[in-house]
Each structure stands twice: as structure tokens, then as C-alpha cells.
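This report concerns only the one structure given below.
The values are calculated or read from the model by the stated rules, or taken from the named source; none is laboratory data. The model shown is predicted, which means the values in this text are computed figures rather than measured ones. Here the Cβ is made from the backbone with ideal geometry for all residues, glycine too, and neighbour counts use every protein chain on show. Protein only, heavy atoms only, side chains kept; ligands, DNA and RNA dropped before computing areas. Shrake-Rupley method; radii C 1.70, N 1.55, O 1.52, S 1.80 Å.
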Amino acid sequence: MSKNIILTKTIRNLNENKVVYFQETEVKFQPYFNENLFVQYDFDLSDIPDSILNIPFVANLYPICWFLGATLKVKTLDENFYLSIEKIKQEFAKFYPEIITKKSQLLVENFETISYNTNQSAMLFSGGVDALYTYSRLDSDKIQLVTIHGADIEIDNTSQWQKIQEVNRMLPLTIDNPKLFLRSNVRDFYTFKVEKLIYNNTQDWWTLLQHGLSLTSLLAPITYKDGIEKVYIGSTLDSTKETMPWGSSYIDNFIAWGNTNVIHHGQEANRFDKMRLLCDYFEEKKIPTPFRVCYHHLNTKLNCSHCTKCYRAIITLIVLGKDPREFGFEIPSKDNSVAIFYDKLIEVIEKQVFNQAVYFYWLEIYNEMVKKETKPFVFFDVTLETAKLEAIKNLLTHLQTKPKSWKTIRRGIKSAVRTSWFRLQNQF
């Protein structure tokens, strides 16, 4: 029985600077897909070879094939990227060993060795903590900043996208950097069934497997056009968490095509340290810079200031002795509004933090709160706010000895046994 997914046509809509990938999918695999993948750029695609243009398609489709046991067929592809993604497959198999047993293949009719002169660098730039940290370490107004619609902002949310474009274009810190904006349905072309391909999926496909390879690959046509040698992607996790399966990790460093290599940057610092170093950097530069941490779908501002991610950033800034209002967050300070803010924050910690897979971010905050030299920012009432922070610290203390539920323990045992069996069968 055929198990093929075939890229039949790579169509360029030159009027819209858009490429659409038409695929022919075996009937039993069709429920995994919603629509054809597309990417829309802000430059002319006429001179981009198909072997480069096909990279985003392969980067997003082939990992799905790993778990389906499907054969992905394309007519042409850059040979360097082919070698790269096969290596990436082997690395991901260390976390998902069933990949090897599925016998997926990538069949390419015509390999091309693409070469171009390189003298530029680019980075993925959302305006968030990880992106700003990478930018601060590179500290160059020459590096191209690429922002992608469809990654953290839903593809149909045009108002928030326009807001982010405006903010990124006018950000004083990066005002002199060349900027590129593109959009893609990388998170919408597949269905919820893809989520179920990962055994014991406690997050989502995007988080655990897709986003590093997906986002960086979208830059392939840009790197060819502009001669970009290095593409930087800011790390989400620090190097102490590399044993966790994650969609963007050290594995990003294996991504390559043409004369371009991807660099997974910033694993030497955890999130709290990144924000600390960024505050110092902004102060040194004398350029106030907001953080964009909020991806809430109802958000109409830079940050909503009341979701879990916003609260986490706000309390980090407070612990660092910084006024969150100077970094893109809105916190009313009239009457008893600060007390209400702290009460809501405590409620969020009680109801959500202990159930989050990324609770370790809160542990980083706690570890700073307990240091004697910590001098938190105070809005106006030292006694009230000190008491609220003490309550938060006491709550977070329990994260240090967070007990695992029997469900979590059982899931872990099943996963460990399953992984060991797969590795034994495949001798790796």
C-alpha cells in the first residue's frame, strides 16, 4: 500500500510574493492536514531556485512523516539541507525513538548544490525576551531582523500583527536594523490529529517538535537573496534542560542549507538571568525597550498584562527592582489597584503555576526572591507590597518539593519503558 506524500507543485504568486506548496496525500494521511502550506514574503521570489524554495515545505512536512511512517517525495532540494534534516531526524529519535521504527523516507529526484556569497547575518525577532537577549549579545545594527506572522500570532489576527509590525519597525533599540516581515500558516496547515502522533503529548506539536526547524527554514529564500551566512534563533531553555524534548534546542545547530548555518543562541542564561542582563543592557544603552511576552489571542496591546506569561515577566521585573510599566506592561497604581494586581497574581499562581509544564520558570524567580540582597520594586506601599511578595514567596516554596501525581508517575514509567524498548530494538 502506498504511503506517499508528494509535493506536486511549488507555485509562486509573484503579485503577492507568495509561495504555495501543493501536495498529493495518501487517503489515510489526509485527516492530518487542513490545507496547503504557504509562505508570503515581502520581496520578489522570481530568482529563488525551487531547491531553496522547497526547504520550508520539507522542514514542516517531513517531521510529520517521521511519525506517520510516510515517504515524502519532492522533485528538487538543496543537498546540504537534505543531509541536515536527516541528521536532525536522528537527533530527535533520541527523544522519540519510535521515529526509527516507522521507516519514513525523504526521496528527492534532483539534488542541487546551491552556493551564494555570504556577508550578512539574520535572526528571528519577535521582540520577546529570548530575541532581545540574542540581539543584545550580538549588538549589531547590521543584522537583519525577521518577524513571522503565524507563529505566535494567529494567521487571521491581522490587527495584532499590524501592531507588532509597527512596534518592531519603530523600536528605538533596533531602529537602524534592516527588517523583514513574512507570514505563513505553519501552525494551521495540519489538524489536531498531528498532536496525537507524539506519545504522552503533554504540550503540543509546535512546542515539542516543530518550531525551531519550522521558523528557521522559512528564512531560506531570504538567505539566498541577501547572502546570509548565519541565522540566529534565541533559545527558550538554558543548557541545563537539554534532556527535555523540545522543538527548539541544540538540535537547531544542525540546521543548514546552501552556505547558511543556523545558530541556537543564548543557552548560557536562564530566563530570569536574561531579563536581568537585558535590563542592564537597556540602561547601559540608555534606550528604554519594552518586552513583548504576551501571545494571548484577545490581546490588543503590546502585552495584556494579566495572562500567566505577562504575570511571570512582571514579577521578574519587580524582583529585579524594576518598574514593569517602563517595560511594556500596564499596572494601575491608583487607590487599591496594586493590591488587586497582587491578589490576582497570587490567584494565578495557586490555580495555574503548579499545573504548568514550565513551572521551572517560577522556580528561577523564587530562587532570586529568597536572596538577602534582593530589593524588589515598590509601587507606593512598602508594607502592603512586601507582605504580598512574602505570600508569593511562600507559595512558590512548594515548587521546590512539588510532588508528582500518580498519573504523572505512571506516564513517566510507561514512557521510560517504551523508550528503552525502542532503543533496544534499534540498538541506539
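Restricting attention to the stretch 186-221, the residues that are closer than 14 Å to residue 244 by Cβ, of a type outside the set (Gly, Ala, Ser) and free of Cβ contacts under 8 Å to residues at least 60 places away in the same chain add up to 3.
Within the stretch 150-161, the set of residues being open to solvent by 30 Å² or more (accessible area, probe 1.4 Å), part of a helix (DSSP H, G or I) and of a type outside the set (Gly, Ala, Ser) comprises just one member, 158. Would the stretch 12-29 turn up any residue that is among the basic types (Lys, Arg), in a helix (DSSP H, G or I) and open to solvent by less than 30 Å² (accessible area, probe 1.4 Å)? No, the conditions are met nowhere in the stretch 12-29.
Quick one: in the stretch 64-78, of everything that is open to solvent by less than 10 Å² (accessible area, probe 1.4 Å) and of a type in the set (A, V, I, L, M), which residue is nearest to residue 29 (Cα to Cα)? Checked the stretch 64-78; the qualifying residue nearest to residue 29 (Cα to Cα) is 70. Residue-level check: of (1) open to solvent by 50 Å² or more (accessible area, probe 1.4 Å); (2) without any contact (Cβ under 8 Å) to a residue 24 or more places away in the chain, residue 341 misses just (1). Restricting 168, 177 to those that are over 21 Å from the mean Cα position of the chain (by Cα) and modelled with pLDDT of 90 or more reduces the list to 177.
To keep it simple, each residue is scored yes or no on (1) touching a strand residue (DSSP E or B) at 6+ places or on another chain (Cβ under 9 Å); (2) in a loop (DSSP other than H, G, I, E, B).
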residue	(1), (2)
248	yes, yes
253	yes, no
261	yes, no
276	no, no
280	no, no
284	no, no
287	no, yes
290	no, yes
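Would the stretch 87-97 turn up any residue that is more than 18 Å from residue 190 (Cα to Cα), open to solvent by 30 Å² or more (accessible area, probe 1.4 Å) and outside any helix (DSSP H, G or I)? Yes; the residues of the stretch 87-97 include at least one that is more than 18 Å from residue 190 (Cα to Cα), open to solvent by 30 Å² or more (accessible area, probe 1.4 Å) and outside any helix (DSSP H, G or I).
In this entry, residue 48 is excluded by the filter for residues that are of a type in the set (Val, Ile, Thr) and in contact with a Ser or Thr (Cβ under 9 Å, 6 or more places away or on another chain).
Here is a yes/no grid of residues against (1) among the charged types (D, E, K, R); (2) crowded, with 19+ Cβ neighbours inside 10 Å:
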site	(1), (2)
116	no, no
120	no, no
129	no, yes
141	yes, no
163	yes, no
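If the condition is being farther than 13 Å from residue 92 by Cβ and either basic (Lys, Arg) or part of a helix (DSSP H, G or I) (or both), then the stretch 201-210 contributes 206, 207.
Contact map, the stretch 86-98: residues that are more than 18 Å from residue 69 (Cβ to Cβ) paired with residues that are open to solvent by less than 10 Å² (accessible area, probe 1.4 Å) and not in a loop (DSSP other than H, G, I, E, B), Cβ distance under 6 Å, separation 6+ or inter-chain. Pairs shown: 91/251.
Which residues, counting only those in the stretch 128-155, are in contact (Cβ under 8 Å) with a residue 60 or more places away in the chain and within 12 Å of the chain's Cα centre (by Cα)? 128, 129, 130, 131, 148, 151, 152, 153 - these are the residues of the stretch 128-155 that are in contact (Cβ under 8 Å) with a residue 60 or more places away in the chain and within 12 Å of the chain's Cα centre (by Cα). Scanning the stretch 300-316 for residues that are crowded, with 23+ Cβ neighbours inside 10 Å and part of a loop (DSSP other than H, G, I, E, B) yields a single hit, 303.
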